[in-house]
Amino acid sequence: MNLVPSAEQDRFAAVLHDLLSAADVPAVVERGARGDAAPGRALWSRLADAGVAGLAVPERWGGTGGEPADLVIAAEVLGHHAVPGPVAETLAAVPALLVALGDDRLGDKWLPELAAGRVVATLAAPPWLPYAADAHAADLVLLAAGDTVRLARTGPAHGSMDYTRRLFEVSPGGTLAAGPDTATAVARALDLGVLAASAQLLGAGCALLEAAVAHARTRVQFGRPIGRFQAVQHRLADVAVGLEFARPLLYAAAVAVESADAAARDVSAAKVACGNAAHQAARAALQVHGAIGYTREHGLGRWLTKVRVLTLAWGTPSQHRARVMAELTR
């Protein structure tokens, strides 16, 4: 990827959009929020059949061995459709961690299952990920702390601003790997998780902009659609500019992760930019929709809360700004 998707990646994104548009994701979300995980698992299985689940898994374990740019393309579409569950963990961070650990026994056990969509994974990695998201629905829960990776035991649950998401305390289980090489593997896995979360934010921001534009075209006030008022047009134009300015930073971060050149700086810059752009889109969409946007029945909240959560997860904006500054002043 040279800062723009290839024709093949565009076709892949279009296939995923069609799949998710036909999948009734809102119904999957609502049933999952009521404790029924079956529709979510079925959806993930369909995404696996489309090649999503195996993007970070090498071909020897049944994956496609995709590039970080492919992960970005898929995660952006999943964010656009507000797909629930530990997406960045299962799609990017956990398989990347298992690969980077270099233990064939772990790879043989888990990576084919991840690539086939039969396993959903999550992890805690303090301080960026103090809790394991949706551990109740995961088959593999890991705890990555410093230079050690362990299996994790699930503890008490906590609610989230995103009603489709639950956070779990974890305690250490059996040690899978430890040492300096493990610390390097954890750092790379976290960068890929941050990259995927950033892409989800960008996708969610684009979906919010589309929803706001559609509403502005049909909502009539003072005898004409509110989209004809200049103040509304300027507000939405600012959102579009913010999203388009964030996109090249996201793609540049994917290139940096692949080449390991300034990956920490570029990944953190992308997280900040995508989070800011998505937050701006969320505020504008809520303002355009008015009071109806607050209602759960309308559905806008699926993106509003996901943007808020993902902006703070995988490292807060202040943590990523500090990392960018540290890299610039080395």
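Below, the figures for the structure above:
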{"quantity": "Complete set of residues in segment 171-196 that are buried (at least 23 other Cβ atoms within 10 Å of the Cβ), within 27 Å of GLY32 (Cα to Cα) and in contact with a Ser or Thr (Cβ under 9 Å, 6 or more places away or on another chain)", "calculated": "VAL194"}
{"quantity": "Count of segment 290-324 residues which are more than 30 Å from ASP191 (Cα to Cα) and either aromatic (Phe, Trp, Tyr) or at pLDDT 90 or above (or both)", "calculated": "1"}
{"quantity": "Scan of segment 259-270 for residues that are over 18 Å from the mean Cα position of the chain (by Cα) and charged (D, E, K, R), ordered by number", "calculated": "ASP261, ARG265"}
{"quantity": "Evaluation of PHE245 against (1) under 26 Å from ASP134 (Cβ atoms); (2) surrounded by fewer than 21 Cβ atoms within 10 Å (Cβ to Cβ); (3) at pLDDT 95 or above (one fails), failing number", "calculated": "(1)"}
{"quantity": "Hits in segment 87-122 (condition: touching a helix residue (DSSP H, G or I) at 6+ places or on another chain (Cβ under 8 Å) and free of Cβ contacts under 8 Å to residues at least 60 places away in the same chain)", "calculated": "THR90, PRO95, LEU98, VAL99, GLY107, ASP108, TRP110, LEU111, PRO112, VAL119, ALA121, THR122"}
{"quantity": "Tally, over segment 1-10, of residues that are loosely packed, with under 11 Cβ neighbours inside 10 Å and part of a helix (DSSP H, G or I)", "calculated": "2"}
{"quantity": "Residue within segment 57-67 that is among the aliphatic types (A, V, I, L, M) and outside any helix (DSSP H, G or I) present", "calculated": "yes"}
{"quantity": "Single unsatisfied condition, THR64 versus (1) of a type in the set (Val, Ile, Thr); (2) within 25 Å of SER259 (Cβ to Cβ); (3) buried (at least 23 other Cβ atoms within 10 Å of the Cβ)", "calculated": "(3)"}
{"quantity": "Unique match (being under 24 Å from GLY275 (Cα atoms) and touching a Ser or Thr at 6+ places or on another chain (Cβ under 9 Å)) among GLU89, GLU67", "calculated": "GLU89"}
{"quantity": "Of all residues in segment 31-45 being outside any loop (DSSP other than H, G, I, E, B) and among the small types (Gly, Ala, Ser), the one that is surrounded by the fewest Cβ atoms within 10 Å (Cβ to Cβ)", "calculated": "ALA38"}
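The values are calculated or read from the model by the stated rules, or taken from the named source; none is laboratory data. Note that the structure is a prediction, hence the values are computed from the model and not measured. Counting neighbours? That spans all protein chains shown, and the Cβs are built from the backbone with ideal geometry, glycine included.
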